[in-house]
1. Gain in length, Ala186 to Lys166, computed as 0.36 nm per residue apart minus the alpha-carbon separation, to one decimal in nm?
2. Using the structure shown, list the pairs from Lys122/Lys219; Lys175/Lys195; Lys28/Lys115; Lys123/Lys175 with a Cα-Cα distance above 31 Å, or answer none.
3. Arrange the residues His173, His43 by how much accessible surface each exposes, largest first, with a 1.4 angstrom probe.
4. Given the options Ile211, Ile225, Tyr189, identify the residue whose Cα lies farthest towards the positive end of the charge dipole of the range 189-231 (+1 on Cβ of Lys, Arg; -1 on Cβ of Asp, Glu).
5. Sorting check: for 180-186, 31-37, which peptide has the highest mean count of neighbouring beta carbons within 10 Å, and how do the rest follow?
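The values are calculated or read from the model by the stated rules, or taken from the named source; none is laboratory data. In this text the structure is predicted, and so the values were computed from the model without any measurement. Positions of Cβ are backbone-derived with ideal geometry, glycine not excepted, and every protein chain shown enters the neighbour counts. Heads up: the accessible areas ignore ligands, DNA and RNA and are worked out on the full protein's heavy atoms, side chains in. Shrake-Rupley method; radii C 1.70, N 1.55, O 1.52, S 1.80 Å.
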Amino acid sequence: MDKNMEQQKNSSNNQATKHPSLGEGSGKPIIICVGRQLGSGGHDIARMLALDFGAKYYDQELLNLAAKESGFSEKFFEQNDERKGFFRGLFNLGTPHINSGSVYNSSISQESLFKFQSDAIKKAADEGSCVFVGRCADYVLRDRDNVVKIFISASKRFRIDQIMAKQNMDFGHAKKYLQQCEANRAEYYNYYTGKKWGAAESYDLCIDSSILGLQTTEKLIAEFIRKRFGL
């Protein structure tokens with residue numbers, strides 16, 4: 001075989017098996033952080049992005065990782081997910097939520113619990129391409145150049161309709177549920193990041209999923225990410 005042809009064949013093989021990266025020769029994985037309004041379809045869009053880029057998907061899965069890092073049970077993190085001041089809830093949950101032998105039992109703090117989750121996010125990001133949903137991942141990974149920060153919004157009526165369908169609620173209860181959950185989510189994000197949840201300056205791209213629908217919105221985000229990193 002001609003030497004030049006052989007080199008071209010090897011080059012093509014290398015490109016076919018190349019891990020998604022930030023450009024030629026960087027070898028870095030892609031980290032996609034997705035913030036979302038409740039009922040905007042952010043979870044579904046994040047899952048589609050994970051499939052599109054061959055990345056691991058982390059949403060509730062982060063709670064399991066944080067539990068392993070901390071020695072607390074996963075149930076504790078679930079009950080206090082994305083809520084500022086969740087440390088106070090510890091004393092109302094009972095000792096079964098703390099694994100015996102944990103070195104943190106005697107010196108736990110609200111900031112320590114946030115750090116357990118942050119450590120879990122960093123550890124996952126070190127292992128390869130991934131998509132994180134919420135949990136201040138965009139702030140935790142702010143110093144990395146392979147991170148893209150997305151925020152997904154939608155019209156209020158669209159979001160209430162989604163909640164009514166998925167949570168089997170009437171309009172009034174869905175509206176109240178939306179307001180309470182988003183207040184908790186915003187307070188949590190603002191407290192730990194010093195930024196404003198949902199504000200355009202906190203993200204690389206903000207997009208309304210209720211205009212074009214979830215699938216088309218995902219395609220637009222994916223194209224933005226490819227252009228952003230020169231893929």
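1. Length gained between Ala186 and Lys166: 5.0 nm.
2. Pairs exceeding 31 Å: Lys123/Lys175.
3. In descending accessible area the options line up as His173, His43.
4. My answer, from the dipole projection, is Ile225.
5. Per-residue Cβ counts within 10 Å, averaged per peptide and sorted highest first, yield 31-37, 180-186.
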